[in-house]
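Notes to accompany the following structure.
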Amino acid sequence: MKLAVYVHVPFCKSKCVYCDFYSVVSEKFDEYFSCLLKEIDLYEEVLRESEIKTAYFGGGTPSVVSPSFLGMVLEKLERVSRGFTPDEITIEVNPESVETEKLKIYKQIGINRISLGVQACDDTVLKNTGRLYNEETLKKKAKIILERFENVNFDFILGLPSETDITLEKNFRFLEEFPPQHVSLYLLEIDEKTKLFDLTTKGLVELPEEGDLERRHDLFVEFLKERGFVRYEISNFAKPEKESLHNIFYWRNENYLGLGVSAGGHIGRLRYVNVSDLKEYEEKITRGELPYEYVHENTEEEEALETVFMGLRIKEGVELNRVRILLPLLEKLQKKYPCYVEVKNGKIFLSEDGMNLSKKILSDLIEWYREGGR
């Protein structure tokens, strides 16, 4: 079985106002990584039957920990799995914790892809969102990363507080000066648990108008296309052969193992999410328990729905043979959105305009399924 492995590293130097991922401001690295190694042992049966093709260190901010911890995890996975032949090993980094020596060690332990959290190349936006670097530092760190790695992603978020058209222009100039091989472009979504939700609810922070946000998104997409990036997923753009191999596992609804607090996984039809509390995670691991918060064995129909929901996010779409049980529902979807949902060569997929309308299309898909409209 081919397998992708995600490792959640929850540590951060501070919490950004918009972040809804599980993270902690702590340096208890030894205890946490000791638990991660024990969690790998709990999946020994799965790993003995698996060939690991990609690995991804996400967070949190994985670059705040010593690379030796990451190396321990990779070495353990190699020892336990049937095969460890990753084509891609990614680490997420933030500019303030990027160091030349760390980058050197990353390469030595097998990491070959860097994902840099840019968010915006605008000092005002960075300050108002709690980022710990400025434009000057961002450019300096982007330069040293691009000099050392040939597969680099830059993450951007549109819709952050204080964003203006000037922010967009600065982002474009930054990309022209420091061109990566991959760009992730996300629209801000505010979770109720974030500090930004409280600030906006109290009227202390203003966000861009919806019309401005849509216009800037369209301009950003066009900017990337003009420079040779292919939109292969709703929020992801890559130069040829630089797509994120790890994330494609998710979007194709293939097998992936999630390790660490709050991580999720999908093995066969088993879908799970680990507990989102560091203390509870460590207690469960210490007792020799899989640290599940949620676990469910999908029915054939549920598995097909997940496959469609994820697969419609990517340009290649979904093979209809994998989801025949949902064909009536898919026909209904295509009938309602004939210009946005296409069927060709045995696949169903979203058109370019359909990707821009994906939130509504996928929402309808889920609603009809729950209503029994299949």
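Just order 129-139, 253-263 by mean Cβ neighbour count inside 10 Å, highest at the front, would you? Let's see the in-between values first.
Values: 129-139: 17.8, 253-263: 22.5.
Going by the mean number of other Cβ atoms within 10 Å, highest first, we get 253-263, 129-139.
What value does segment 1-65 have for Rg/Rh, both radii from Cα atoms and Rh as Kirkwood defines it?
1.05
Pairs of lysines 8 or more apart, or on different chains, with alpha carbons under 28 Å: count those in segment 143-298, would you?
Lysine pair count for segment 143-298: 14.
If packing is taken as the average count of other Cβ atoms within 10 Å, what order do 185-194, 149-158 fall into, highest mean first?
Values: 185-194: 14.1, 149-158: 19.6.
Top of the packing list down: 149-158, 185-194.
Using amide H atoms built in the peptide plane, which far-off residues or other-chain residues are under 5 Å from VAL341 H to H?
Counting only residues 5 or more places away or on other chains, the set is SER351.
Tell me which cysteines of the chain come out unpaired when the rule is another cysteine's Cβ under 4.7 Å.
CYS12, CYS35, CYS121, CYS339
Give the cross-link partners of LYS347 among the lysines, using a straight C-alpha distance below 22 Å as the criterion and excluding same-chain residues fewer than 8 apart.
Within the straight-line limit of under 22 Å, LYS347 reaches these lysines: LYS315, LYS332, LYS335, LYS336, LYS359, LYS360.
Roughly how many Å² of SER81 are accessible to a 1.4 Å probe, to the nearest 10?
Ignoring ligands and nucleic acids, SER81 comes out at about 10 Å².
Quick one: accessible surface of GLU306, probe radius 1.4 Å, all protein chains present, in square angstrom to the nearest 10.
Only protein atoms counted, so the area is about 50 Å².
Report, in whole Å, the centroid distance computed from the Cα atoms of segment 254-281 and segment 132-198.
Taking the Cα centre of each part, segment 254-281 and segment 132-198 sit 28 Å apart.
Ratio of segment 144-188's C-alpha Rg to 2.2 N^0.38 Å, to two decimals?
Values: Rg = 11.7 Å, N = 45, 2.2 N^0.38 = 9.3 Å.
Taking N as the residue count of segment 144-188, the ratio is 1.25.
Roll a 1.4 Å probe over the protein chains and send me the accessible area per residue for the chain in Å².
Computed with neighbouring chains in place, this is 47 Å² per residue.
Based on DSSP H runs of at least 4 residues, each adding -39500 (n - 2.57), what is the mean residue ellipticity at 222 nm of the chain after dividing by all its residues, to the nearest 500 deg cm²/dmol?
-12500 deg cm²/dmol
I need the Debye-formula profile for the chain: one equal scatterer per C-alpha, no solvent, reported as log10 I(q)/I(0) at q = 0.06, 0.08, 0.13 1/Å, two decimals.
Debye intensities relative to I(0), on a log10 scale: -0.23, -0.42, -1.20.
Which percent of the accessible area of the chain is formed by carbon and sulfur heavy atoms (probe 1.4 angstrom)?
48 percent
What is the list of residues in segment 342-374 whose amide nitrogen lies under 11 Å from a point 7 angstrom out from the Cα of GLU214, following Cα to Cβ?
357
The values are calculated or read from the model by the stated rules, or taken from the named source; none is laboratory data. Keep in mind it's a predicted model, so treat the numbers as computed, not measured. All Cβ positions, even for glycine, are placed from backbone atoms using ideal geometry, and neighbour counts span all protein chains on display. In case anyone asks, the SASA skips ligands and DNA or RNA and just uses the protein heavy atoms, side chains included. Shrake-Rupley method; radii C 1.70, N 1.55, O 1.52, S 1.80 Å.
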